[in-house]
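Chemist: Just dropping this structure here.
The values are calculated or read from the model by the stated rules, or taken from the named source; none is laboratory data. The shown structure was predicted, so the numbers you read here are calculated from the model rather than taken from an experiment. In this analysis, Cβ positions are derived from the backbone assuming ideal geometry, glycine residues included, and neighbour counts consider all displayed protein chains.
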Amino acid sequence: VGGPAMQTSQKDFNNAVSQLKLLKEDPGNEVKLKLYALYKQATEGPCNVPKPGMLDFINKTKWDAWNALGSLSKEAARQNYVDLVSKLSASSESPSPEAPAADRKQPESDSLVVTSGDGITTIRLNRPTKKNALTTQMYHDIIAALQAASKDESPITVLTGSGDYFCSGNDLTNFTSLPAGGPEEMARSSAVLLRDFVNCFIDFPKPLVAVVNGPAVGISVTILGLFDVVYATDRATFHTPFSHLGQSPEGCSSYTFPKIMGSSKAAEMLLFGKKLTAQEACAQGLVTEVFPDSTFQKEVWARLKAYSKLPPNAMRISKQIIRDREKEKLHAVNAEESNVLRERWLSDECMNAIASFLSRKSKL
Ligand SMILES: CCCCCCCCCCC/C=C/C(=O)SCCNC(=O)CCNC(=O)[C@H](O)C(C)(C)COP(=O)(O)OP(=O)(O)OC[C@H]1O[C@@H](n2cnc3c(N)ncnc32)[C@H](O)[C@@H]1OP(=O)(O)O
């Protein structure tokens, strides 16, 4: 069986066979097929068994992979097998760190962080000291991030928050710096921004997941009806205090909420500002699943990493079938909600509520 160098190689090969069983992550079918072929070649030599029939898909695929190695020597196959297993072990021990996507324009402000890794593009609201309240710049940055994510390589896109909140909704100071055109111009441009922002969620073409890491308020709740999946920590709450603020629903919630939870439960949230616990939101169908806070991040990301390995085109097409017939309706609802809010923002009820928050007289 050869000299000392070759015996070492046989020992390495045996170790690699054992090491493979300890891999933490499934390396995927393509790699498993390659490993199978190299194993057969290393232990039995070139493919020497009859080709399975056309309908025996699995064995035929395995046979093809083995046969494709041709006359590769047993020693070379062993070496290739050992190299491949060691590469897989290294990458499973130190999972690819999330990295800013190289070809992606980064957001204008640090309040939004966009990273890609493990088949997931993550858009993270990053203003924890303000409970991730959305500034005007953040709306623009989220629009840009969603547009980029819709074209990037990641099969799944996630929206989440840094710190203890998912998001406290619109930053109420957005309304304090009046443009030259006065309140009317502010209301007009806010309505345009709101409409553009929500349109990006309506049109987003691939699986969009909300990882709700804490309480959610206002627009960060209403847009959840446009996500494909919503995972929440059991610490999360869902609050749409529009009447308290003299405002009205947006994010297509006037349409999606009654559809998701029925009109009376939707009315309790959207008219009376009833705050839901994560469990309640899950029971109403707004949240897909609730996780204990202590294991939330670990469980959710492990699950999303596994989902991101599913065939991306199949996921996109399935989303299209589920969502496309609703799109026209959603765009019309969005336009109407934005127009109504344009009026609301100029109302005394709204101005007084915002002034009250800003003077810290009342908190919701
Ligand atoms: C001209 C262009 C304009 C563009 C505008 C675009 C228009 C799109 C608008 C779409 C419509 C959206 C509607 C909504 O989202 S309505 C909901 C709005 N949100 C709220 O009403 C929440 C207000 N915040 C609170 O009630 C509390 O802060 C909260 C319960 C969230 C947390 O309370 P807690 O006591 O735990 O913490 P603090 O209050 O001390 O908060 C810490 C600091 O964070 C600041 N903060 C929190 N939320 C907001 C917010 N929404 N806006 C501004 N600032 C916020 C808070 O002031 C504290 O700051 P300081 O430490 O500096 O005091």
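Chemist: Inside the range 110-132, can you point out the residues that are of a type in the set (S, T, N, Q), within 16 Å of the ligand (Cβ to nearest atom) and surrounded by fewer than 21 Cβ atoms within 10 Å (Cβ to Cβ)? Walk me through it before giving the result.
Modeler: Initially, the range 110-132 is screened for residues of a type in the set (S, T, N, Q), giving 111, 115-116, 121-122, 126, 129, 132.
Filter once more, so that each one left must be within 16 Å of the ligand (Cβ to nearest atom): 111, 126, 129, 132.
Of everything in the range 110-132, those that are of a type in the set (S, T, N, Q), within 16 Å of the ligand (Cβ to nearest atom) and surrounded by fewer than 21 Cβ atoms within 10 Å (Cβ to Cβ) turn out to be ASN126, THR129.
Chemist: A further question follows. Within the range 285-305, is there a residue that is in contact with a helix residue (DSSP H, G or I) (Cβ under 8 Å, 6 or more places away or on another chain), closer than 19 Å to GLY214 by Cβ and hydroxyl-bearing (Ser, Thr, Tyr)? Break it down stepwise before answering.
Modeler: Within the range 285-305, the first condition is being in contact with a helix residue (DSSP H, G or I) (Cβ under 8 Å, 6 or more places away or on another chain), and the residues that meet it are 285-291.
Add one more test, that the residue is closer than 19 Å to GLY214 by Cβ, and what stays is 286-291.
Checking which are hydroxyl-bearing (Ser, Thr, Tyr) leaves us with 288.
Yes.
Chemist: When only residues in the range 138-172 that are near the ligand (Cβ under 9 Å from one of its atoms) and not in a helix (DSSP H, G or I) count, which is farthest from MET351 (Cα to Cα)?
Modeler: Let us first name the residues in the range 138-172 that are near the ligand (Cβ under 9 Å from one of its atoms), namely 139, 164-165, 167-172.
Okay, now just the ones that are also not in a helix (DSSP H, G or I), so 164-165, 167-171.
Values: ASP164: 28, TYR165: 25, CYS167: 22, SER168: 18, GLY169: 17, ASN170: 14, ASP171: 14 Å.
Among those that are near the ligand (Cβ under 9 Å from one of its atoms) and not in a helix (DSSP H, G or I), it is ASP164.
Chemist: Limited to the range 30-55, what total is found for residues that are in contact with a helix residue (DSSP H, G or I) (Cβ under 9 Å, 6 or more places away or on another chain) and either farther than 19 Å from LEU88 by Cβ or of a type outside the set (A, V, I, L, M) (or both)?
Modeler: Residues of the range 30-55 in contact with a helix residue (DSSP H, G or I) (Cβ under 9 Å, 6 or more places away or on another chain): 31, 33-47, 49-54.
Still in the list and also either farther than 19 Å from LEU88 by Cβ or of a type outside the set (A, V, I, L, M) (or both): 34, 36, 39-41, 43-47, 49-54.
Matching residues across the range 30-55 total 16.
Chemist: Related question: For the range 289-364, which fully contained helices (runs of 4 or more DSSP H) count at least 3 residues that are within 19 Å of GLY169 (Cα to Cα) and over 18 Å from the mean Cα position of the chain (by Cα)? Outline the logic, then answer.
Modeler: Details: elements: 296-307, 312-344, 348-358.
Qualifying helices (runs of 4 or more DSSP H): 312-344, 348-358.
Chemist: Between SER150, SER189, SER154, which is within 15 Å of ILE123 (Cα to Cα), at pLDDT 95 or above and surrounded by fewer than 19 Cβ atoms within 10 Å (Cβ to Cβ)? Spell out the reasoning first.
Modeler: On the way: SER189 fails: within 15 Å of ILE123 (Cα to Cα); SER154 fails: surrounded by fewer than 19 Cβ atoms within 10 Å (Cβ to Cβ).
Among SER150, SER189, SER154, only SER150 is within 15 Å of ILE123 (Cα to Cα), at pLDDT 95 or above and surrounded by fewer than 19 Cβ atoms within 10 Å (Cβ to Cβ).
Chemist: Another one. Restricting to the range 133-147, what's the tally of residues that are under 13 Å from LEU208 (Cα atoms), in contact with an Asp or Glu (Cβ under 9 Å, 6 or more places away or on another chain) and either modelled with pLDDT under 95 or surrounded by 24 or more Cβ atoms within 10 Å (Cβ to Cβ) (or both)?
Modeler: Here the count works out to 0.
Chemist: Those residues that are touching a residue at least 24 places away in the same chain (Cβ under 8 Å) and under 26 Å from ASP293 (Cα atoms), I need them from the range 253-279; list them, please.
Modeler: PHE257, ILE260, MET261, MET269, GLY273, LYS275, LEU276, THR277, ALA278, GLN279
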